[in-house]
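Working notes, beginning with the structure itself.
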Amino acid sequence: MPNLYVITQGAKLKLKGSSVIIEKDDEIIQELELIHIDNIIVYGNIQFSTQLVKRLVRYGKSLTLLYYNGSLAGRFVPAYSKDVQSRIMQIEMHNDQCKKLYFARKIVHQKIENCIGLTQRYETYHPDRNLNDYQNELQEYSNRVQKCDNENELLGLEGSAARVYFSAFDSMLVDEWKFTGRTKHPPQDPINSILSFGYTILANEIGALAEASGLDPFVGFYHTTEYGRQSLAQDILEIFRAPIVDRVALRLFNLNRLQESHFMETEKGIRFRRDAIQIFIREYEKVLQSEVEDELTSQKVSYRRILQLQIERLKNYIKNEKELWLFDYRKY
């Protein structure tokens, strides 16, 4: 099911029977039955009723509050999972340096492999673009990651691979757009602005899934533990950046759905206008609702379900340590 995004500033969310109503200036903008949505995400200045929040958490759904740039302000979720043992085992694994490095190595390896997968899929539809040199260099870094035996080296390899990948990313863009590399805090161009926004909302979604499963989204294995950082969500985000957010961004810029007029320059870097958020969210939801065949069960599932399966299988790995399954884009 899709998430419901509310970005109309000054809107109010209310509960009416089994439906959520979005209204502004006493006029109803939209009405949806709760059974047809997964969760609700609101941006900026949006009001909501406590009755709605209580109904959402009772149904196992969440209400996420985001600042207008997409960063997390807070989240209403169902009562915390009673699966204390999973969280204890997660923390024990976090404190075991050998297990922690093993997981981090797997994450970075799969991230690079999925980046290669995106470039290969792009070539399938654009045979005139030759990305072979980038792919070979990325594969070399991926192979080196698997032999890495310390965190600092791993960070260096990931950074080097990222620079190669984003050079390939620039080659996948139409000539009207140029991408010279990742810039954050603040983003310095429209592409970085959209990528940062996309990574933020996807990380928030992963964090909510981890929390609902009984894992602690703030205790990760690759990203360091810092106050307020959802380190586990950031770990899992790494393997989904290219298959979801980067793919959406390429489609929107290459098909001219996002244009210069959708962005504005501010003291805090390049920001997007409200219509750009709407355009991105439509395509983002389209990707997350699209179906693929799950590698392990051979069942048709949506990409949103793949995110859930990733969390469930990670939890099973933490509790049983049988085999770590990570999403491999090239198998889907």
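Read-outs: derived from the displayed coordinates by stated rules, not from any lab. Quick caveat, the model's predicted, so the values are computed rather than measured. A quick note on method: Cβ atoms are made from the backbone with ideal geometry, for glycine too, and the neighbour counts reach across all protein chains shown.
Residues CYS115, CYS148, CYS98 in ascending order of nearby Cβ atoms (within 10 Å, fewest first): CYS98, CYS148, CYS115. Ranked by the mean number of other Cβ atoms within 10 Å per residue, highest first, peptides 13-23, 261-271 order as 13-23, 261-271. Across the stretch 43-52, rounded Karplus estimates of 3J(HN,Hα) from the backbone phi angles (6.51 cos²θ - 1.76 cosθ + 1.60, θ = phi - 60°) give 10, x, 8, 10, 9, 8, 8, 5, 4, 5 Hz, Gly and Pro being marked x. Sequentially through the stretch 145-150, phi angles give Karplus couplings (6.51, -1.76, 1.60; θ = phi - 60°) of 4, 5, 9, 5, 10, 8 Hz, Gly and Pro residues having no value and appearing as x.
Counting every other Cβ atom within 10 Å of each residue's Cβ, VAL84, VAL248 order from fewest to most as VAL84, VAL248. Rounded to whole numbers, the Karplus 3J(HN,Hα) couplings from phi for the stretch 176-192 are 5, 10, 10, 10, 9, x, 6, 10, 9, 6, x, x, 9, 7, x, 5, 5 Hz, using 6.51 cos²θ - 1.76 cosθ + 1.60 with θ = phi - 60°, and x at Gly and Pro.
For the pair SER49 and GLU27, the difference between a 0.36 nm per residue extended length and the Cα-Cα distance amounts to 6.3 nm. Pairs of C-alpha atoms in the chain farther apart than 30 Å represent 37 percent of all such pairs. Close amide H pairs (under 5 Å, H built 1.01 Å from N) link PHE263 with ARG273, residues at least 5 positions away or on another chain. Each other residue within a Cβ distance under 15 Å of LYS12 adds +1 if Lys or Arg and -1 if Asp or Glu, for a net charge of -2. Between ASN132 and LYS16, full extension at 0.36 nm per residue minus the direct alpha carbon distance yields a gain of 36.2 nm. The sum of -39500 (n - 2.57) across all DSSP H runs of n ≥ 4, divided by the residue count of the chain, sets its helix-only mean residue ellipticity at 222 nm to -16500 deg cm²/dmol. Here's the list of aspartates and glutamates a cross-link from LYS319 could span, going by alpha-carbon distance under 17 Å and ignoring same-chain residues fewer than 8 apart: ASP83, GLU92, ASP96, GLU211, ASP216. Ranking of LYS184, LYS106 by neighbouring Cβ atoms within 10 Å, starting from the fewest: LYS184, LYS106.
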